[in-house]
Number of protein chains: 2
Amino acid sequence: MSKRSSREKLVEFAGFFENFLNKNTSQAMAGRVVVYGGRGALGNACVQHFKKNNWWVLSIDMVANETADANVLVERDASWVDQESSVLSQVGSALSDSKVDAVICVAGGWAGGNAAKDLAKNSDLMWRQSVWTSAISAAVGANYLKPGGLLSLTGAKPALAATPGMMGYGMAKAAVHQLTKSLAGKDSGLPDNSLVVAILPVTLDTPMNRKWMPKADFSTWTPLEFVADLFLKWTKGEERPASGSLLQLITQDSVTKLVPAE
Amino acid sequence: MSKRSSREKLVEFAGFFENFLNKNTSQAMAGRVVVYGGRGALGNACVQHFKKNNWWVLSIDMVANETADANVLVERDASWVDQESSVLSQVGSALSDSKVDAVICVAGGWAGGNAAKDLAKNSDLMWRQSVWTSAISAAVGANYLKPGGLLSLTGAKPALAATPGMMGYGMAKAAVHQLTKSLAGKDSGLPDNSLVVAILPVTLDTPMNRKWMPKADFSTWTPLEFVADLFLKWTKGEERPASGSLLQLITQDSVTKLVPAE
């Protein structure tokens with residue numbers, strides 16, 4: 001073993017000390033939340049916003065979010081069942097005996113295509129990105145959510161009707177909508193008084209969307225910070241909608257309104 | 001090689017002759033239909049009913065239906081994408097250059113369970129049994145249906161609302177409902193003037209259901225022959241509902257009514 005210099009030891013100590021300060025001397029921790037998809041654009045905005053407001057945040061994604069207090073990594077090529085059991089056991093370890101105030105699933109993706117070409121391929125991808133993540137989030141909720149906690153999933157406004165040009169996407173999001181209603185029903189397996197909702201964005205104001213649609217009217221796009229703050233309020237018990245709601249995020253002139261579907 | 005007796009040759013010839021009579025001397029063939037799930041209780045009833053009425057029937061299932069004119073076998077453990085491409089190529093070979101008047105998907109299954117246990121496992125099974133088969137049927141329709149043909153999928157009345165006790169089943173059937181609407185939409189990839197519907201049974205009068213629910217009121221169960229005859233009528237252009245309809249099959253006092261959802 002090489003002998004370490006005093007300078008190296010000092011740098012190491014400074015690191016420990018900074019960490020200690022961050023974790024122990026700021027305000028008391030507000031509570032614990034899980035963000036599924038914590039490395040996506042919206043997921044990262046949620047991780048940042050909860051951290052800024054002094055929450056302990058666990059990110060679940062294929063890659064770690066360094067801002068989060070803990071990370072659970074998902075293997076892309078594992079089966080649905082294996083992803084579920086791996087996530088449940090990793091979340092259990094990260095939490096020890098504590099429970100969480102919210103499980104927020106903002107994982108997802110998009111693919112176009114109709115019945116004429118690659119329907120199975122596109123549908124399979126959409127199912128993995130939206131439905132696997134939503135169902136695993138539901139299982140995390142059933143196991144680790146506090147009574148009265150929040151479980152939020154991510155649907156899509158277009159999937160309330162026909163989506164012939166994005167068939168796999170529409171099916172997956174319709175399944176998420178129906179799952180939201182089931183989870184809000186009696187004996188769903190979630191703790192008592194859980195709040196279950198799905199947000200149904202139209203277009204989120206992400207760097208990727210700005211890149212691909214540079215000439216769009218951004219004043220109709222929903223800011224990520226608005227959505228992150230919604231989750232924070234609901235988690236704190238403020239302005240809660242009815243459980244089972246599918247909440248369309250309608251943004252006009254840079255103002256976003258929540259419009260329950262149906 | 002062993003030398004065959006005259007008797008063996010005679011028996012073989014008699015078989016060929018019977019086959020020839022069956023295929024060539026009855027009335028002219030009414031047309032061609034595909035039944036996905038042709039070995040299930042409802043699927044087999046459909047195969048029998050179309051055959052009796054002089055249609056050429058192709059059955060798609062994991063096991064052959066010997067009554068059908070042709071069979072396409074699906075490998076249970078193949079991926080969704082591989083099942084789709086294998087089915088499309090086998091259907092193409094079976095049809096040569098002809099097209100079909102109807103693609104009828106009656107494949108499916110049932111599993112209970114909420115979010116607390118085996119959600120991924122149950123949902124995965126339901127997805128394979130109901131959504132893979134429906135989407136592959138849609139792809140078969142896009143490739144091999146005649147203009148004005150019928151594509152019928154199988155949904156479920158309970159999935160129109162929350163299904164907390166059968167969460168995976170509800171999600172899968174909700175996806176089938178949404179797919180039905182998408183397929184009936186503009187530029188869905190189906191031929192012009194296709195009729196796309198989903199039947200939403202409550203309980204079908206199958207031997208298996210009688211076995212498991214022996215004390216139920218059978219006069220509220222829908223007979224398989226009623227459903228098979230519906231498909232026959234729609235295929236022939238009779239009593240067609242609007243494309244995109246989700247048709248609940250409501251049976252009371254042994255009479256079944258079709259009630260469009262919403």
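The values are calculated or read from the model by the stated rules, or taken from the named source; none is laboratory data. Given the structure is predicted, the values throughout are model-derived calculations rather than measurements. Ideal geometry is used to build each Cβ from the backbone, glycine not excepted, and the neighbour counts take in all protein chains shown. Calculation scope for accessible area: heavy atoms of the full protein, side chains included, ligands and nucleic acids excluded. Shrake-Rupley method; radii C 1.70, N 1.55, O 1.52, S 1.80 Å.
Which condition from (1) buried (at least 21 other Cβ atoms within 10 Å of the Cβ); (2) touching a residue at least 40 places away in the same chain (Cβ under 8 Å); (3) small (Gly, Ala, Ser) is the one that B:Ala174 breaks?
Exception for B:Ala174: condition (2).
Return yes or no: is A:Lys117 among the charged types (D, E, K, R), assigned to a loop (DSSP other than H, G, I, E, B) and either at the interface with chain B (Cβ under 8 Å from one of its Cβ atoms) or under 17 Å from the mean Cα position of the chain (by Cα) (or both)?
Judged against the criteria, A:Lys117 is a match.
Okay, residues lined up against (1) in contact with a His (Cβ under 8 Å, 6 or more places away or on another chain); (2) part of a helix (DSSP H, G or I); (3) open to solvent by 80 Å² or more (accessible area, probe 1.4 Å); (4) farther than 30 Å from B:Ala161 by Cβ:
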| residue | (1), (2), (3), (4) |
| --- | --- |
| A:Lys215 | no, no, yes, yes |
| A:Val227 | no, yes, no, no |
| A:Leu232 | yes, yes, no, yes |
| A:Gly237 | no, no, no, no |
| A:Ala242 | no, no, no, no |
| A:Leu246 | yes, no, no, no |
| A:Leu249 | no, no, no, no |
| A:Thr256 | no, no, no, no |
| A:Glu262 | no, no, yes, no |
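Matching residues to (1) touching a helix residue (DSSP H, G or I) at 6+ places or on another chain (Cβ under 6 Å); (2) closer than 19 Å to A:Lys121 by Cα; (3) outside any helix (DSSP H, G or I):
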{"residue": "B:Ala107", "(1), (2), (3)": "yes, no, yes"}
{"residue": "B:Trp127", "(1), (2), (3)": "yes, yes, no"}
{"residue": "B:Val131", "(1), (2), (3)": "yes, yes, no"}
{"residue": "B:Leu153", "(1), (2), (3)": "yes, no, yes"}
{"residue": "B:Gly170", "(1), (2), (3)": "yes, no, no"}
{"residue": "B:Ala175", "(1), (2), (3)": "yes, yes, no"}
{"residue": "B:Leu179", "(1), (2), (3)": "yes, yes, no"}
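Would you pick out the residues in the range A:120-159 that are more than 28 Å from A:Ser89 (Cα to Cα), at the interface with chain B (Cβ under 9 Å from one of its Cβ atoms) and open to solvent by 10 Å² or more (accessible area, probe 1.4 Å)?
A:Lys121
Give the residue, chosen from B:Ser194, B:Ser182, that is open to solvent by less than 30 Å² (accessible area, probe 1.4 Å) and at the interface with another protein chain (Cβ under 8 Å from one of its Cβ atoms).
B:Ser182
May I ask you to list pairs of residues, at least six apart or on different chains, whose Cβ atoms are under 9 Å apart, with the first in the range B:40-60 being free of Cβ contacts under 8 Å to residues at least 24 places away in the same chain and more than 14 Å from B:Val100 (Cα to Cα) and the second being open to solvent by 10 Å² or more (accessible area, probe 1.4 Å) and among the basic types (Lys, Arg)?
Once the first residue is free of Cβ contacts under 8 Å to residues at least 24 places away in the same chain and more than 14 Å from B:Val100 (Cα to Cα) and sits in the range B:40-60, its partners that are open to solvent by 10 Å² or more (accessible area, probe 1.4 Å) and among the basic types (Lys, Arg) give B:Val47/B:Arg39.
State whether one or more residues within the range A:133-150 are among the aliphatic types (A, V, I, L, M) and either over 18 Å from the mean Cα position of the chain (by Cα) or part of a strand (DSSP E or B) (or both).
Yes, the range A:133-150 has at least one match.
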